[in-house]
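J.: Please see the structure below; I have some questions.
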Amino acid sequence: MENFVYEYPTKVYFGKGAAKAHLPGILSACGPNVLLAYGGGSIKKNGVYEEITGILKEAGKSITEFTGIMSNPTWAKVKEGAGLARENKVDLVLAVGGGSVIDCCKIVCAQAVTDEDLWELEMVQHKAPSAAPIPLGAVVTASGTGAEMNGGAVITNEETKIKGGMFAAAPRFAILDPAYTMSLPRMQVLSGAFDTLSHAMETYFGRSDRDNVSDEVALAVMHSTVVNMRALLKDLNDYTARSNLMWTSAMAENGILKVGRLTDFECHQMEHQLGAYTDCNHGQGLAVLHPAYYRHIVKDAPEKFARLGKAVFGVEGAEAAVDALTAFIQECGLPVRLSQLKSRVEITPELLRQVADSVNLLPNGPRQLTRGEVYSILMECM
């Protein structure tokens, strides 16, 4: 085990009716001005907006709405939200949505309290913000990213074509009501759940000591995620499966899997840059990339791949594990080729060269890739 300090900053309220049961008490300890953040308006169709705004009004809060947060939140959107928070002297930011809404609000909370440009500070100077951020709360309506569990955020700078990780405000509380996810369309549920599976796999394949405690937890999270995704293939309205997936999503990103070990996350780095250029869905991009990436590194960690294959898919052998993952992606109806992704631009070999040349190459996977190998992986996914 590597040395570590572990502290969990987010209090979780899980289950049906969690907002109604717990949010009024939480709000009683907050100031009067709330920035209510959400995405494209789906929460107005499924009743979540009415419920949350009703609770806020009953608590006597003044509500400022920050809307239109996109699926890959941009730096421009962060600055818009920070401006609203400053102008309205916001005491609490309440992010209602999935990972994109929550990630955007994490950086809004930090940018609103400083005149420094946090993109320049974090992404260029590689420094951390020093001012205490505005308190953040999360009401999760789409699970998979686990964004409500930590202070990390993925933001796209459209000017520089960089999609990267920033760190700011971890939510002080998170409301996880599986009923809020029941209206989500099938593909959104499955692509979100695949992101959970990816988080656990990327952690598991980090270069670490052979019998790290977190490996056992990661394999359990992977197995449960696969079992419950398959349950949803049979019945999309299976509440138990939805609730299990909501919690495996949280487990994969609350830090428990990552303490005392190195992690990989090279596939995420590739997808981030693919997303920066194409604006593709994150979970679907990962589904396309993972098999190709793993075919390149399977011989560098054969024991770990074989262990995953047996524990998660019930197959024997390292290469069989990669084949089983590929078959599972197809079973779920997730994309297996880049051409199947919704992209704002045509995906060409020239574009993929730009993606490969801008990918962050991490040293802690089974083997560090070269840019040439990243390009080969991307081209294999065409």
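Each reported figure results from applying straightforward, stated rules to the coordinates on display, with no laboratory input. Keep in mind it's a predicted model, so treat the numbers as computed, not measured. With ideal geometry, Cβ positions are generated from the backbone for all residues, glycine too; neighbour counts draw on all protein chains shown.
J.: Say the cut-off is 28 Å between C-alpha atoms; which of 16/61; 127/161; 106/310; 44/161 go over it?
T.: Distance filter (> 28 Å) returns 106/310; 44/161.
J.: I've got another one for you. Less than 12 Å apart at the alpha-carbon level, and either on another chain or at least 8 residues along: which aspartates and glutamates does that give for residue 163?
T.: Once the sequence-local aspartates and glutamates are set aside, what remains near residue 163 is 271, 279.
J.: Amide H of residue 66: which non-local residues (sequence gap of 5 or more, or other chain) have their own amide H closer than 5 Å, using H built in the peptide plane?
T.: It is 36, 37, 38, by chain and number.
J.: When ranked by the protection proxy of mean other Cβ atoms within 10 Å per residue, highest first, what sequence do the peptides 9-20, 81-92 form?
T.: In decreasing order of mean packing, 9-20, 81-92 become 81-92, 9-20.
J.: Next question. Using modelled backbone amide H atoms (1.01 Å from N, in-plane), which distant-in-sequence or interchain residues come within less than 5 Å of residue 139's amide H?
T.: 95, 96, 97, 175
J.: Can I ask one more? Enter the Cα centre distance for the pair the stretch 337-380 and the stretch 17-56, rounded to the nearest angstrom.
T.: Taking the Cα centre of the stretch 17-56 as reference, the centre of the stretch 337-380 is 40 Å away.
J.: Could you list which residues have their amide H under 5 Å from that of residue 14, counting only those 5 or more apart in sequence or on another chain, with H placed in the peptide plane?
T.: 176
J.: Taking only C-alpha pairs under 8 Å that are 6+ residues apart, what is the relative contact order of the stretch 75-184 in percent?
T.: 30 percent
J.: Right, another one. Which angle between 0 and 90 degrees, to the nearest 10, do you get for helix 282-297 versus the longest principal axis of the chain when only C-alpha atoms count?
T.: 30 degrees
J.: Sorted from largest to smallest, which semi-axis lengths in Å does the alpha carbon gyration tensor of the chain give for its equivalent ellipsoid, taking the root of 5 times each eigenvalue?
T.: On the way: eigenvalues 217, 110, 78 Å².
In descending order, the three semi-axes are 33, 24, 20 Å.
J.: Further question on the same structure: Could you please rank 222, 187, placing first whichever residue has the fewest other Cβ atoms within 10 Å of its Cβ? Walk me through the numbers on the way to the answer.
T.: Values: 222 25, 187 15.
Lowest count first: 187, 222.
J.: Calculate how steeply helix 99-111 sits against the longest principal axis of the alpha-carbon atoms of the chain, using the helix alpha-carbon long axis, and give the answer as 0 to 90 degrees to the nearest 10.
T.: Computed tilt is about 60 degrees.
J.: Next question, about the same structure. In a shell of Cβ-Cβ distance under 9 Å around residue 145, excluding residue 145 itself, what net charge do Lys and Arg (+1) and Asp and Glu (-1) give?
T.: Spelling it out: positives minus negatives among the neighbours equals -4.
J.: To make sure I understand, if each residue's beta carbon is the centre and we count other beta carbons within 10 Å, what order do 375, 38 fall in, fewest to most?
T.: In increasing order of surrounding Cβ atoms, one gets 375, 38.
J.: Could you grab the relative contact order for the chain? Cα pairs under 8 Å, six or more apart, rounded to a whole percent.
T.: Values: 754 pairs, mean separation 58.3, N = 382.
Relative contact order of the chain: 15 percent.
J.: Sorting 102, 43, 347 on the 10 Å Cβ count, fewest up front, what's the list? Show your work: numbers first, answer last.
T.: Working: 102 30, 43 24, 347 20.
If I rank by nearby Cβ atoms, fewest first, I get 347, 43, 102.
J.: Same structure, new question: Please give the Cα centre distance for the stretch 237-277 versus the stretch 161-196, rounded to the nearest Å.
T.: A separation of 9 Å, based on Cα centres.
J.: Separate question: Which value in deg cm²/dmol, rounded to the nearest 500, describes the helix-derived mean residue ellipticity at 222 nm for the chain, given -39,500 (n - 2.57) per DSSP H run of n ≥ 4 and division by the residue count? Don't skip to the end; give the middle numbers.
T.: Values: 14 runs with 177 residues, N = 382.
Roughly -14500 deg cm²/dmol at 222 nm, from the helical runs in the chain.
J.: Related question: Using only the Cα atoms, work out Rg/Rh for the stretch 303-371, with Rh taken as the Kirkwood radius, to two decimals.
T.: 1.07
J.: Need one number: nm distance between label points at residue 131 and residue 4, each 7 Å from Cα along Cα→Cβ, rounded to one decimal.
T.: The two pseudo-label positions are separated by 3.2 nm.
J.: Moving on to the next point. Starting from the Kirkwood Rh over alpha-carbon pairs, what translational D in µm² s⁻¹ does the stretch 186-380 have by Stokes-Einstein at 37 °C and 0.692 mPa s?
T.: On the way: Rh = 16.8 Å.
The estimated diffusion coefficient comes to 196 µm²/s.
J.: Please give, to one decimal in nm, the separation of the simple spin-label points placed at residue 28 and residue 376, each 7 Å out from Cα toward the Cβ.
T.: 6.3 nm
J.: A further question on this structure: Dipole size in debye (nearest 20) for the chain around its Cα centre, Lys and Arg Cβ +1, Asp and Glu Cβ -1?
T.: 640 debye
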